[in-house]
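Visitor: Supplied in structure tokens, the structure appears directly below.
The values are calculated or read from the model by the stated rules, or taken from the named source; none is laboratory data. Note that the coordinates shown come from a computational prediction; the quantities given were computed from them, not determined experimentally. Please note that ligands, DNA and RNA were not included when accessible areas were found on the heavy atoms of the full protein model with its side chains. Shrake-Rupley method; radii C 1.70, N 1.55, O 1.52, S 1.80 Å.
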Amino acid sequence: MRVAVCQMPGATTQFWQDSLALIESLADAAARRQADLAVFPECAWPAYHLGSRASYDAARRGGLPGPAHLLDVAAGLARRLRLMICVGFVEERDNRLLNSAALVGADGALLGVRSKSFLWDFDHDWFTAGDRIEPIDTPLGRVGIMICADARLPEIPATLAARGAQLIVQPTAWVNGGAPGQLWNPQADFLIRARAEEFGVPIASASKWSQEGGTTFVGSSLVCSAAGDILTQLGTSETAIGIAEIEPASRASEIRRPTLPLERRVLLNGPPLDTAEVSELRREWARGAEAAAARTPGVPPAAASSNVQRLAAAEAGRFAPCRAATLLGVRCFDVIGAGVSEPLIRARAAENRVFITWYRGEDVRICDVRGRRLPPQPGAADGIECFRFDDREALDKRVADRTDIIADRTPAMYEF
């Protein structure tokens, strides 16, 4: 299957006609390059940063067409180009606005619409969260949709994979998390690779670049294989399309599900664990870590702290142990062994806002709560690396204002 990710600049609602023309132009380019599916950014039309609900309503009164117009255009494009299209748009439903994406078949039929369920910061000012995580059956296979910040929570791609997604498409507008002039976002850096690798599903992410309403986007649209390899990635400041051949996951593909009943209880808000059950679960996680420590030189004795949990590398390859331990109050993890990829280690740190010390023989790496590798402190003695961090940072689970990766989970929607 050939998938195109169509990267667009940010644009406000007043430029809705230009945005529509660009969608048409990029779809034409994708078809010329023989794409089977074209993915467009989050709220590619009419805009993502709406300013306020009142501003959007004023734009509608001033001549901005409703979402049916975008869906009609997408259907006509898909039918003319024989191209499946996934496009992000502002959906109007029961006097509410939703940050949604439509999947349109190559015959122009609307196959399904899904809405962002994990809202980001200013999303709360005008959008209502979606309440459904379910792949869509298409002629190309079962396609899951996650929109931008949905990828921050491992439970969302895990649920899509558990429900049979063979490909995940991600309309997104990755917001700059780096310093001004240093464009960076964890999803483009490592998180999408980790999601694809862990759940065995290829992912196509189409982002915006430039700005909307003072918010800077980082571009970097990409297509990732089910093994977590980047097949194509665009730059941070370009309007372009990236094309890659992907192999959809088998419907019978294995995903790394929570394997311990007590893990599932914690993750799905089952009956609270009592003290003995918490101790049992933590001992189970530590058991494999101690065996790995015996085989790994340079690993210090286990810390006698309830804030620290040891895990074998293989356990860090599953989201469930770190997630459940974080929900039980753990702030720091010691991961022992080399049997896990770096994107997965960084994902564990970022998705839980915890610190991870990774012992890989003589090589020791530490990831901060954003998933970034900490550098050693200067001035250490020869041959000794010293690191410094404050684990109290891990008490704050917000990745942005009004965006809490723990408090804003919706376990009733999840399936593993």
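Visitor: Which one, A109, A303, A29, has the greatest fluctuation when you compute a Gaussian network model over the chain with C-alpha springs under 10 angstrom?
Guide: So, out of A109, A303, A29, the one fluctuating most is A303.
Visitor: Kindly report the accessible area of the chain per residue (heavy atoms of protein chains, probe 1.4 Å, no ligands, DNA or RNA), in Å².
Guide: Accessible surface, normalised per residue, equals 39 Å².
Visitor: Got a number for carbon plus sulfur as a percent of the range 32-113's accessible area, 1.4 Å probe?
Guide: Here carbon and sulfur together make up 46 percent of the probe-accessible area.
Visitor: Just by accessible area at a 1.4 angstrom probe, what is the order of S225, S237 from largest to smallest?
Guide: These residues rank, largest area first, as S237, S225.
Visitor: Between R388 and S306, what length comes free when the chain is fully extended (0.36 nm per residue of separation minus the Cα-Cα distance, one decimal in nm)?
Guide: Extra length from R388 to S306 when fully extended: 27.6 nm.
Visitor: Among S306, S250, S341, which one shows the highest mean-square fluctuation when the chain is modelled as a Gaussian network with alpha-carbon springs under 10 Å?
Guide: S306
Visitor: A further question follows. Considering the values [x] 25, 59, 16, 0; [y] 17, 31, 27, 16, 6, 2; [z] 27, 54, 17, 1, which represents P(r) over Cα pairs in 20 Å bins from 0, in percent as calculated for the structure under consideration?
Guide: [z]
Visitor: Compute the distribution of all C-alpha to C-alpha distances in the range 9-83, in bins of 5 Å from 0, and list the percent of pairs in each, rounded to whole numbers.
Guide: Going out from 0 Å in 5 Å bins, the range 9-83 shows 3, 15, 26, 23, 15, 9, 6, 2, 0 percent.
Visitor: Report in % the part of the accessible area of the range 264-375 that belongs to carbon and sulfur, leaving out ligands and nucleic acids; probe 1.4 Å.
Guide: 52
Visitor: Normalising by the residue count of the chain, find the relative contact order in percent from Cα pairs under 8 Å and 6+ residues apart.
Guide: 14
Visitor: At a probe radius of 1.4 Å, what is the per-residue accessible area of M1, in Å² to the nearest 10?
Guide: That residue has around 40 Å² of solvent-accessible surface.
Visitor: For the range 2-245, what's the relative contact order in percent, using C-alpha pairs closer than 8 Å and at least 6 residues apart?
Guide: Across the range 2-245, relative contact order equals 22 percent.
Visitor: Gaussian network model of the chain, Cα springs within a sub-10 Å range: biggest mean-square fluctuation belongs to which of L83, L281, L26?
Guide: L281
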